[in-house]
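The values are calculated or read from the model by the stated rules, or taken from the named source; none is laboratory data. Bear in mind that the values here come from a model prediction, so they are computed numbers and not experimental data. Here the Cβ positions follow ideal geometry from the backbone for every residue, glycine too, while neighbour counts run over all protein chains shown. Note: accessible area is taken over every heavy atom of the protein model, side chains too, but ligands, DNA and RNA are not part of it. Shrake-Rupley method; radii C 1.70, N 1.55, O 1.52, S 1.80 Å.
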Amino acid sequence: QRFRNCHTRRRFTLAGINDISLGIPVERIFHNYQTIIDTLLENNIQPIVQSTLCQTGNPSGNHSVTCLNYLLEDYCTGKNIVFIDLNKFMADKNGLMPEYSTDGTHLSERGYEIWSEKLKQVITGLHL
């Protein structure tokens, strides 16, 4: 219903870390994400999906993030939807690198700079 009155052709999405932190199963989070993506598509809105960011010092949570991102990337590939893996630029094997975060979850100024640069690249590439 929300999207019907919206005058947008594209929507950037990024979600999941709060649900993972609350212990919600990855399968449920992925199902919810599918619902969001499918609703956007049904309303002629092009989703651009961003990976859920890993956290600093949370191996269990990061495993769930990796599983969720794998499912999301596969789903997006199957539907020809742009998927931006932000972890490629801001995380290593231990999770979100400290220089890109203020508290292990939220981005620092440098993290936002990296994020915005990646979004600009996608916007330019898609001629948005």
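Of the solvent-accessible surface of the chain, computed with a 1.4 Å probe and all protein chains present, 51% belongs to carbon and sulfur. Please list, in chain and number order, the residues 5+ apart from Arg11 or on another chain whose amide H is under 5 Å from its amide H, with Hs placed from the backbone. Sorted by chain and number, the residues that satisfy this are Gln46, Ile48. Here the label points at Lys120 and Glu73, each 7 Å from Cα along the C-beta direction, are separated by 2.5 nm in the simple model. Using the alpha-carbon positions of the stretch 61-128, Rg (one decimal) and Dmax (whole number) come out as 13.2, 35 Å.
The long axis of helix 59-78 is offset from the longest Cα principal axis of the chain by roughly 30 degrees. Between the amide H of Ile84 and those of Val49, Gln50, Ser51, distances stay under 5 Å, these residues lying 5 or more places away or on another chain, with hydrogens modeled in the peptide plane. When the trypsin sites (Lys or Arg not before Pro) in the stretch 38-123 are filtered for DSSP coil states and for at most 11 other beta-carbon atoms within 10 Å of their beta-carbon, the remaining sites are Lys93. Taking the DSSP beta bridges with both ends in the chain, the antiparallel portion is around 30 percent. Taking Lys and Arg as +1 and Asp and Glu as -1, the other residues whose beta-carbon sits under 11 Å from that of Gln46 total +4. Per-residue ellipticity at 222 nm computed for the chain from its helices equals -15500 deg cm²/dmol, with DSSP H segments shorter than 4 residues left out and the rest contributing -39,500 (n - 2.57).
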